[in-house]
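S.K.: Have a look at this one before I ask anything.
Each reported figure results from applying straightforward, stated rules to the coordinates on display, with no laboratory input. Just so it is clear, the model here is predicted, and its values are computed rather than measured. FYI the Cβ positions are ideal-geometry reconstructions off the backbone, even for glycines, and counts take in every protein chain you see.
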Amino acid sequence: MNPLATMLRQADTLKLTQEQADSIAVLNQKYSLRLDSIWTPIAKYLGELPDAYDRAEAYARYRHGRERSIDALMTYVDDVEGLLRGDQRRRLPANVAAYLDPRFLHSIRSGTVGFNPLNGTGGPVPGAIGGAIVVARP
């Protein structure tokens, strides 16, 4: 899930100004470049694995990539929060708001629930962390 790209796709719904959309687009580009630098070597390693491989090592590389991806996203959360007005934050879909919440990001950083770097369809149950409700910042 890339909340920045999702926000750009929903610019009209969020009523983003041109300046806000431009700023989010810059953040999105930086985040995307960081994700590429994280996942490209991991994908290459995984793609070249033989039929018999060290599963612990493969999982360790995936997990490290996941943690670095979440860490990268966390570096942009405050910037995004500073760009949005309260009414715009309230318009964010629950899954986007969750991925902009540091508590949620910390909760999924090292686990396997709520994160799917391969196709973006995996994700949290909107508003939930292992049964706990996530409340987006106003």
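S.K.: Over the stretch 1-91, what is the mean sequence separation of C-alpha contacts under 8 Å (at least six apart), divided by residue count, expressed as relative contact order in percent? Write out the running numbers ahead of the final one.
M.R.: Numbers: 34 pairs, mean separation 35.7, N = 91.
Across the stretch 1-91, relative contact order equals 39 percent.
S.K.: Something else: Find how many whole Å separate the alpha carbon centroid of the stretch 50-91 from the alpha carbon centroid of the stretch 1-22.
M.R.: If we compute the Cα centre of each part, the gap is 19 Å.
S.K.: Something else now. Per residue of the stretch 53-66, what does 6.51 cos²θ - 1.76 cosθ + 1.60 with θ = phi - 60° give for ³J(HN,Hα)? Whole Hz please, x for Gly and Pro, Karplus curve as stated.
M.R.: 9, 7, 4, 4, 5, 4, 5, 4, 5, 4, 4, 4, x, 4
S.K.: What FRET efficiency do you get for SER110 and ALA58 if R0 is 22 Å and r is their Cβ-Cβ distance, rounded to the nearest 0.05?
M.R.: Numbers: r = 16 Å, r/R0 = 0.74.
For R0 = 22 Å, the calculated efficiency reads 0.85.
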